[in-house]
Number of protein chains: 2
Amino acid sequence: MIQKNKEEKFVSNRGFTENLSRSTAFGSDLAPFFEPKSIAIIGAIKSLWFGGLVTLNNLKNLGYKGQVYLVNPSYPEVEGIKVYPNIKEVPDEVDLAVIITSARAVPGIVRDCVEKGVKGAVIVADGFAERDEEGAKLQQEIVNISKQTGIRLLGPNTIGVVNPYSGVITTPYPLGYKSIRKGHVALAAQTGIIGAQAFPFEELQYGVSKICDFSNKCDVNETDLLEYLEDDPDTKVIALHIEDIRDGARFLKVAKRVVKKKPILIYKPGRTSESKKALASHTGSIAGNQRIYESAFRQTGLIQVNSFSELLQIAKAFGYQPLPKGNRLGIVTITGGAGIMAIDTAVEWGLVLGKLSDESNEKLFRIHATMVGNPSDIGPAMPTLQDPITPYKKAIEVFYQDPNVDCLLITFYAFPGVTPELYVNMLKEVRGPVEKPAAIWIYGPSNESINKIYKALEAADYPAYLDIEMAVKALGAMYQYTQIKSKLGA
Amino acid sequence: MIQKNKEEKFVSNRGFTENLSRSTAFGSDLAPFFEPKSIAIIGAIKSLWFGGLVTLNNLKNLGYKGQVYLVNPSYPEVEGIKVYPNIKEVPDEVDLAVIITSARAVPGIVRDCVEKGVKGAVIVADGFAERDEEGAKLQQEIVNISKQTGIRLLGPNTIGVVNPYSGVITTPYPLGYKSIRKGHVALAAQTGIIGAQAFPFEELQYGVSKICDFSNKCDVNETDLLEYLEDDPDTKVIALHIEDIRDGARFLKVAKRVVKKKPILIYKPGRTSESKKALASHTGSIAGNQRIYESAFRQTGLIQVNSFSELLQIAKAFGYQPLPKGNRLGIVTITGGAGIMAIDTAVEWGLVLGKLSDESNEKLFRIHATMVGNPSDIGPAMPTLQDPITPYKKAIEVFYQDPNVDCLLITFYAFPGVTPELYVNMLKEVRGPVEKPAAIWIYGPSNESINKIYKALEAADYPAYLDIEMAVKALGAMYQYTQIKSKLGA
């Protein structure tokens, strides 16, 4: 990995030695990106809607406790904060650099970073292999520096990483919100729409362990991340969007090991020749033969999804809920029609309708004669009851307790005036003796009410959905992982 | 249709004659449901969260100008409003009855309605064929009355109809909002989740011409509705959810005629044997062989969709936008990654990427060198520009004007602080000389911002989406209809 060549002259002894030891001792360890003790932001700083000052503000909001240094040769300070002319002038050690400059400036800065002993760099700058031949050459130049010195590079053309646990965020765009919930889903993609600026993480209470945008992935790639996340105690599930895979053999080997411990969801566009052409100009990717990919993914035990929404929405269920023991779905619904719509998708994702025990059906009958069976439809009982919540609650309890049901789909009606606590408390109170995953579809006449219930459910670790099919897909994917684990003897 | 038998004794001369003439003169005319001059609400009235008083309130909010009478033998007034003991006591003519009682009371009330000369009845009451054998007998009883007398029955087990143009709404649940936008989408389903109480029609500015819940469809069915909507000037597109079809030959014949004038989207669950079983207990439907249905739908020129979300979300694009002349898609995006994700779905729904003219590419180059091509990615240009809106606007204009582009997918980033007007005005200003449909995907870090832009776009007749695949499906479906029309010579 470490080769001496003409680039060596740019490498200080200190930097070189440190990089050497890290590179051999830690392999693809990405700790400098997710847990740096100090960060330098280099380049465009002044703008309030893009760049270093915005990143600094995001770091403050997320509660980053380490040191942050600003670097730019053009001005000595910004907003009262000292700006260093070069990273080498920073008086303390720097673990991570965030480089927001023109592409042409990047190789020199990366060399400065190496000299300074910086361990990793997020290269926000674009205009590399995704742009043109000149950019491709620049990209090769920094790849060479990385190979020679061991400095790890994320990007280029990336918005970088987020780690809510350490408060690290490199996003150079304003978020309009101040926190991301500490959760268990690691999100990684080859596009910036994985980023904190592109999704209402706070508002939706989406629980995240790590976010990583590979983009051009000149150095750090999906396999490095898998190795890092394999032992990350905060990550329960890995959601991966890729446009291509750079080292297929290594990826599949590592993935096969990781899926024994944690589910990996994967979404790869490129099903059509039109999208393959577009991929080449986005991140310089060669999409390859989709069928070969898909077959390899399946054999490795990866769970394949078909859209970016599915990737995000299915992953969270793994982050919140236990795995189902089997594939028998129970449906408690207040709308019979929607319950039926869910069944087709459920079956297509590997689930079957559980056949309730006689005891369960008797219990449902005692709540209301129309509620017997699976799906159990509360709708017809509603108008005749003084209290619309009790039958919901009792029915859900029956399904949690029935030994013939492995997972639950529950539909919640956000009727005008309903408080979120009503539903959340109901679920907590009736949660059965046997751990079963539940997914909840919310619908109703007011987005505001729906969003309130959605947020409260997510905060309480119940995955909420605005699309009933998506709720069922999440349960189906969880059952897929139950099967994968059993097959791998994990 | 009109048969004399023992039921005749319940039929007053006036009622019988009127029904006879209507039935022969108007065929399946559903005007009494959508444009009644007067409405009687019969049965459960007092509750504030379900029943007649709620319906009355919804009618007031929607601006219904006709007379509304309350009927219940148990009390002479409610909330200061006179309550008649029987519909026959109502001093004026009644076009439409809304029956909210127990199932057993319904046949007698329907007979009273016939005597009174009522033309149509929405039977909200449930416990009919969907429940048990006794219910099936009751349903047959009212079917017989309808056949003998010509009174038209919607339901049972339905929430009825909505017509924003006449202010008619029979929904017996509180909405929490006061208006539904007058639009061009007719929504019909065999489930109450089509209803005003189940979807944020007002908040999302979803434009509706008619809503109809058939549910058990003992009398009024999908074919009757198609015939009514065929000449409805307010309806541009018909979105139909069905669990079964009661008279397949008539349906296909009428549908074939109607699709020459208006697109019909159809969603039919029942792809799996599990869902077919569940259908039987929901509305007493026999789902039939899905492949035969699908093949017949295709031959008839119906556009098939795969979920309830697709039905609602695709239909609105037809309601707002012109049809594409061809299948060449243009994509203007601020996120290259998402642009690519959209391509697979676009191709699967029959679209191809348009190849821009040299002139267009030159124009894009002059905006920013990175924006050349289709998809045109504004993302890389954004950080380098003082004004992030201008390149958006110019690029969209290029795509509207390029003769090699038939329809547009535009992605809007709801960045913090953006005003909805910015985007809406931009679209209005650059709309090209040639009419082309556009669909817009909105994403960003705040649901509140997203919802504001969403609402403003919809109000201005630009279909907005929270899911990029759905936006593309809408354009694909529109192109499908362009093909269907051309094939039918319409």
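The values are calculated or read from the model by the stated rules, or taken from the named source; none is laboratory data. Keep in mind it's a predicted model, so treat the numbers as computed, not measured. Here Cβ is always computed from backbone atoms with ideal geometry, including for glycine, and neighbour counts include all displayed protein chains. Surface accessibility is based on the protein's heavy atoms, side chains included, excluding ligands, DNA and RNA. Shrake-Rupley method; radii C 1.70, N 1.55, O 1.52, S 1.80 Å.
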- [ ] Keeping to the range B:222-259, report how many residues are touching a Leu at 6+ places or on another chain (Cβ under 9 Å) and charged (D, E, K, R).
- [x] 7
Task: Count of the range A:459-486 residues which are open to solvent by 30 Å² or more (accessible area, probe 1.4 Å) and within 15 Å of A:Phe308 (Cα to Cα) - done: 2
Task: Residue tally, condition open to solvent by 30 Å² or more (accessible area, probe 1.4 Å) and among the basic types (Lys, Arg), over the range A:434-458 - done: 2
Open item on the list: Give me the residue from the range B:179-201 that is within 11 Å of the chain's Cα centre (by Cα) and away from chain A (no Cβ under 12 Å) and, out of that set, nearest to B:Ala459 (Cα to Cα).
Closed with: B:Gly183
- [ ] From (1) on the phi < 0 side of the Ramachandran plot; (2) modelled with pLDDT under 95; (3) assigned to a loop (DSSP other than H, G, I, E, B), pick out the condition that doesn't hold for B:Lys436.
- [x] (2)
Open item on the list: So in the range A:96-118, with the set limited to residues that are more than 14 Å from chain B (Cβ to nearest Cβ) and touching a strand residue (DSSP E or B) at 6+ places or on another chain (Cβ under 7 Å), which one is most open to solvent (accessible area, probe 1.4 Å)?
Closed with: A:Ile109
Task: Residue check for A:Leu457: more than 11 Å from chain B (Cβ to nearest Cβ), over 25 Å from A:Thr370 (Cβ atoms) and part of a helix (DSSP H, G or I) - done: yes
Open item on the list: Against the definition (open to solvent by less than 40 Å² (accessible area, probe 1.4 Å), assigned to a helix (DSSP H, G or I), away from every other protein chain (no Cβ under 14 Å) and closer than 22 Å to B:Leu457 by Cβ), how does B:Ile396 come out, yes or no?
Closed with: yes
- [ ] With a cut-off of at least 3 residues that are within 14 Å of chain A (Cβ to nearest Cβ), name the strands (runs of 3 or more DSSP E) lying wholly within the range B:206-324.
- [x] B:208-213
TODO: Quickly run through the range A:344-375 and pick out the residues that are free of Cβ contacts under 8 Å to residues at least 60 places away in the same chain, assigned to a helix (DSSP H, G or I), open to solvent by less than 30 Å² (accessible area, probe 1.4 Å) and facing chain B (nearest Cβ under 9 Å).
DONE: A:Asp344, A:Thr370
- [ ] Output the residue which, of all residues in the range B:155-178 that are open to solvent by less than 10 Å² (accessible area, probe 1.4 Å), closer than 22 Å to B:Glu130 by Cβ and out of contact with any Lys or Arg (no Cβ under 8 Å at 6 or more places or on another chain), is nearest to the other protein chains (Cβ to nearest Cβ).
- [x] B:Pro172
Task: Number of the exception - B:Ile193 against (1) modelled with pLDDT of 95 or more; (2) buried (at least 21 other Cβ atoms within 10 Å of the Cβ) - done: (1)
Task: Residue ID - farthest from the chain's Cα centre (by Cα), chosen from residues in the range B:125-154 that are open to solvent by less than 20 Å² (accessible area, probe 1.4 Å) and within 14 Å of another protein chain (Cβ to nearest Cβ) - done: B:Gly135
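So that you can scan it fast, the table gives a plain yes or no per residue for (1) open to solvent by 40 Å² or more (accessible area, probe 1.4 Å); (2) within 14 Å of chain B (Cβ to nearest Cβ); (3) over 30 Å from the mean Cα position of the chain (by Cα):
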position: A:Ile39; (1), (2), (3): no, no, no
position: A:Gly43; (1), (2), (3): no, yes, no
position: A:Trp49; (1), (2), (3): yes, yes, no
position: A:Val54; (1), (2), (3): no, yes, no
position: A:Leu59; (1), (2), (3): no, no, no
position: A:Gln67; (1), (2), (3): yes, no, no
position: A:Asn72; (1), (2), (3): no, no, yes
position: A:Lys82; (1), (2), (3): yes, no, yes
